[in-house]
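Read the structure below first, then the notes.
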Amino acid sequence: MNEQSDHIVSSFDDDIASIRMSVIKMATLVEEQYKLLHHIIDTGSASTVEDVLENEPKLDAFDGKIRDQVITFITLRSPMAIDLREGLTALKISTDLERLGDYCKNVSLRVQALEEIPPVEIKNEILRMTVMVQGQLKRVIDAYVTKNKEKALEVRNADAAIDQHYQLIYNQIIEDIKNKPNKIKTLANTKLLFTINFSLSEILKRIYLILGLLLPLIGILIISFYFNFLKKINWNKDLFLYLLLIAISFLAFIFLNNQIFSIIIFILSILTIYIFRTLEFVELKWLRLFYLSFLLLPAFAIYVDTSLYPNIEAIPKFNYFFYALIVIICFVNPAFSMQSQLFVESYKIITFSFLLLLSISFSFFIINYQSKFLHKGIAQTITDDLSCDLDKTEIISKLENPTISLYFPKNLKPTYFPDCEIELAFTSLDETPIDNPSSINKTLLDLNQKSFINVNFIKK
């Protein structure tokens with residue numbers, strides 16, 4: 001179904017032909033990937049897995065090349081009608097082909113991890129399914145090359161058979177688990193390989209985050225450790241229990257798959273009790289430093305809060321009540337009138353006052369901003385505003401954001417076919433929000449930038 005070209009400029013046709021050739025080469029490489037995948041499932045060959053992994057960067061390069069070709073073509077040629085659709089179609093196809101390559105890579109890695117867990121009959125059904133997918137891929141490439149609409153419709157209609165085969169395999173696996181419950185534990189442990197995905201860098205990010213949030217209290221905690229372990233003052237089983245709870249809470253915050261900020265509230269209360277019980281009978285010589293902290297802590301809290309906004313006019317009126325509260329607590333603090341008292345009595349009041357200020361400040365930030373945190377806002381917008389299941393949504397972001405990679409690693413590189421594709425774009429409050437009637441704009445708090453930003457959501 002070749003069409004006669006109506007273009008006067010031959011380079012116009014050359015550009016279109018070049019784009020089409022890149023798409024065909026990319027599709028051919030994807031087809032080769034699925035042939036390798038079939039071999040991996042059949043034999044469990046580790047060397048073939050390496051071949052799949054080596055081809056993956058090539059697919060990414062093809063995707064980038066096609067994107068550049070299409071952008072250049074649209075910019076220089078200003079195509080219209082069918083020519084414009086040709087370029088945009090190639091762009092969409094390359095994105096889908098790149099995703100198919102990702103799925104192929106992920107499946108090959110999972111075959112290695114599963115080893116001999118699936119029964120033979122299920123393995124054979126999976127092999128049949130790979131053959132069906134390969135056939136679909138070959139037919140759709142032929143349809144694209146020949147511009148044959150009928151072949152493309154055949155591919156679309158044949159998809160139902162693959163869905164049915166998938167359901168058959170799924171039912172077989174469920175039945176096998178019911179009949180052989182001893183395998184459930186093995187299967188569950190295998191799944192952990194894919195759900196626990198924290199790298200060392202992500203763990204360090206969480207440690208950095210919690211140390212930053214509790215920094216004023218961490219200093220006093222170190223002093224408490226000093227008197228507990230070196231001076232052996234006031235050490236008992238109750239303090240050991242508090243310390244154990246603190247350690248468990250820290251580990252839970254750092255290693256839980258879903259980061260829960262409410263754990264910090266629990267840590268704060270336990271830390272308060274531990275520090276107060278440890279230093280209850282300690283005579284400290286540097287009380288003036290603690291006096292100074294009453295002046296520094298409100299100033300620091302106010303500075304942090306105001307720095308989140310681009311100007312004074314953007315600060316909510318409610319925030320000023322918080323500023324006034326901590327300043328009043330600071331200046332009417334009984335610690336300033338107890339300089340003639342014993343060190344022990346003074347320290348008790350100082351510790352309580354310090355922790356009171358810290359607790360009020362931290363509670364304000366959690367209550368006022370928890371729903372506005374970047375990860376919370378993204379998750380809520382995807383589920384409530386865009387009506388997507390977060391666990392079945394792929395997040396696409398051209399700008400690498402640490403918060404996105406920390407909270408949504410599975411959504412950035414899904415190992416499944418997503419039901420929704422959400423593209424995120426980030427701009428500062430000084431920039432004009434993206435004007436797109438089909439998108440949603442939200443103002444959210446990015447703790448990495450320590451400021452509010454505009455986030456644009458587009459459902460692809």
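Nearest 0.05, what FRET efficiency do Thr443 and Phe255 give at R0 = 41 Å with Cβ-Cβ as r?
In this case the efficiency is close to 0.85.
Quick one: length gained pulling Thr383 to Asp142 fully straight, 0.36 nm per residue minus the C-alpha distance?
My answer for the length gained is 82.9 nm.
What nm distance separates the two modelled labels at Asp51 and Lys459, each placed 7 Å from Cα along Cα→Cβ?
4.2 nm
Apply the Karplus parameterisation 6.51 cos²θ - 1.76 cosθ + 1.60, with θ equal to phi minus 60°, to every residue of the stretch 305-311 and state each ³J(HN,Hα) to the nearest whole Hz, in sequence, with x for glycine and proline.
Computed from phi, the couplings for the stretch 305-311 are 5, 5, 5, 6, 10, x, 8 Hz.
Would you please give the FRET efficiency between Arg85 and Leu168, computed as 1/(1 + (r/R0)^6) with r the Cβ-Cβ distance and R0 = 45 Å, to the nearest 0.05?
Calculated transfer efficiency: 0.75.
Let me check I've understood the local charge: for Thr48, count other residues with C-beta under 13 angstrom from its C-beta, Lys and Arg +1, Asp and Glu -1. What total comes out?
That works out to -3.
Calculate the spin-label point distance for Ile207 paired with Ser269, positioning each point 7 Å from the Cα along the beta-carbon direction, and give it in nanometres.
Inter-label distance under the simple model: 2.8 nm.
State which entries of Lys317/Lys460; Lys147/Lys442; Lys58/Lys376; Lys123/Lys392; Lys372/Lys392; Lys317/Lys442 exceed 30 angstrom in Cα-Cα distance in the structure shown.
Lys317/Lys460; Lys147/Lys442; Lys58/Lys376
Calculate one ³J(HN,Hα) per residue across the stretch 68-77 by plugging θ = phi - 60° into the Karplus curve 6.51 cos²θ - 1.76 cosθ + 1.60, and present them in order as whole Hz with x for glycine and proline.
After applying 6.51 cos²θ - 1.76 cosθ + 1.60, I find 5, 4, 5, 4, 5, 4, 5, 5, 7, 9 Hz.
Every read-out reported here was derived from the displayed coordinates using simple, explicitly stated rules and does not represent laboratory data. If you're wondering where the values come from, they're calculated on a predicted model, not measured in any experiment. Quick reminder, even Gly has a Cβ in these numbers, built from the backbone with ideal geometry, and neighbours come from all protein chains shown.
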